[in-house]
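**Student:** Structure in structure tokens, see below.
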Amino acid sequence: MLEAGIFSFRRMKHFAILFFPVAAMVGYFATDVFLLRSLTTLSCMVISLIIGLRRPALKAVGWVAAAFALSFAGDYVLGHWGASFEGFVGGVGLFLLAHLGYVIYSLRCGRLQWWLLALLVVVFGVYFALLLRPAIGDAVTRVAVLAYILVSCLSMAAAVGLGRPSVDYDRLARWLYIAGVASLLFSDLLIAQKRFLHDGTLYTLMMPTYFLSQILVTAALIRLRCWLKGGKKGQMLGH
């Protein structure tokens, strides 16, 4: 009975390693110590590196580890110098590169969903043109924000394409990964609303959803590793 179903004890025990990022997250919310905030991201990076190194079929996971590393750097820059023009643009640039890490991983394990990319670009393009652009004072920041929006749309459309059309990819791992990227997109939207439109509605969810995105992506990789360990082929996952 303990071994039956997706959420069996045997399967769930592999997720125990998520205690480290979750504990760091809880510690940060309890103390507001920036080190614990960083440890959430860094522990996810270490877990993903271990998964990638131990499973040759998962060598593409290295791109996710790179995304976590760049997210850590971007969060550090924004956390310490984000109030300045240079700090904000630099932090946005680092997070943009982090999204590209997610994109490369997704495309190595699936195919870009062009229909979704077109839909997201239209929706967020209108949002930028009508709301954000008039509220951003300088051209450099406008370009940086627009570039980040476009890459975020690409990241989401690539995540939805995991396992499509013929890559052997676990369904639960796919949905965990999609939820993780979507959580990051939502967190970024809250930042834009607060910084440029001075709308703090739901802003208290910004950091929780940011951390949730990393924990969900890491959970997706753990699930994928368990699935491959169970005898699945995982064709093309590392190519």
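**Student:** Whose amide H sits under 5 Å from the amide H of LEU162, counting only residues 5 or more places off or on another chain, with H placed in the peptide plane?
**Tutor:** ARG111
**Student:** Mind sorting THR141, THR41 by how few other Cβ atoms lie within 10 Å of their own Cβ, fewest first?
**Tutor:** THR141, THR41
**Student:** As a test of the definition: which semi-axes, in Å, follow for region 64-166 when you take the square root of five times each eigenvalue of its alpha carbon gyration tensor? Largest first, please. Before the final figure, lay out each step's value.
**Tutor:** Numbers: eigenvalues 132, 74, 9 Å².
Semi-axes, largest first: 26, 19, 7 Å.
**Student:** Additional query: Which FRET efficiency, nearest 0.05, do ASP199 and ARG171 yield, Cβ-Cβ r, R0 41 Å?
**Tutor:** The value I calculate is 0.65.
**Student:** Under 15 Å from the Cα of LYS229, which aspartates and glutamates turn up, not counting those fewer than eight places away in the same chain?
**Tutor:** ASP168, ASP170
**Student:** Percent relative contact order of the chain, based on C-alpha pairs within less than 8 angstrom and at least six residues apart?
**Tutor:** RCO, the chain: 22 percent.
**Student:** Using Cβ counts within 10 Å as a stand-in for footprinting exposure, how do MET207, MET156 rank, fewest first?
**Tutor:** Lowest to highest Cβ neighbour count: MET207, MET156.
**Student:** Scanning the chain for helices, which whole DSSP H stretches are 20 Å or more long along the axis (Cα) and average 1.6 or more by Kyte-Doolittle?
**Tutor:** Details: long enough: 34-54 (30 Å, 1.64); 62-81 (28 Å, 0.94); 85-108 (35 Å, 1.24); 139-160 (32 Å, 2.00); 171-197 (38 Å, 0.89); 206-229 (35 Å, 0.94).
Result, helices passing both filters: 34-54, 139-160.
**Student:** Under the rule a/c < 1.5 gives rounded, and otherwise a/b versus b/c splits prolate from oblate, where does region 84-239 land using the Cα gyration tensor? Present the calculation step by step, with values, prior to reporting the outcome.
**Tutor:** Details: a/c = 2.42, a/b = 1.94, b/c = 1.25.
Prolate.
**Student:** Return the FRET efficiency for the residue pair TRP114, THR31: r is the Cβ-Cβ distance, R0 is 30 Å, and the value is rounded to the nearest 0.05.
**Tutor:** Working from the Cβ atoms, E equals 0.10.
**Student:** Something else about it: Among the aspartates and glutamates, which fall within straight-line cross-link reach of LYS13, defined as a Cα-Cα distance under 15 Å, with same-chain neighbours fewer than 8 residues apart omitted?
**Tutor:** Those aspartates and glutamates meeting the cut-off are GLU3.
**Student:** Okay, next question. What nm distance separates the two modelled labels at ALA147 and HIS14, each placed 7 Å from Cα along Cα→Cβ?
**Tutor:** 3.8
**Student:** Continuing with this model, one more query. Rg to Rh ratio, region 138-212, alpha-carbon atoms and Kirkwood radius?
**Tutor:** 1.08
**Student:** I would also like to ask the following. For LYS229 and ARG133, compute 0.36 nm times the residue count separating them, minus their Cα-Cα distance, and round to one decimal in nm.
**Tutor:** Contour length minus Cα-Cα distance gives 29.7 nm.
Coordinate-derived values only; no laboratory data. This structure is a prediction, so every number in the text was calculated from the model and none was measured. Because the Cβ atoms are built from the backbone with ideal geometry, glycine has one as well, and the counts that use them run over all protein chains shown.
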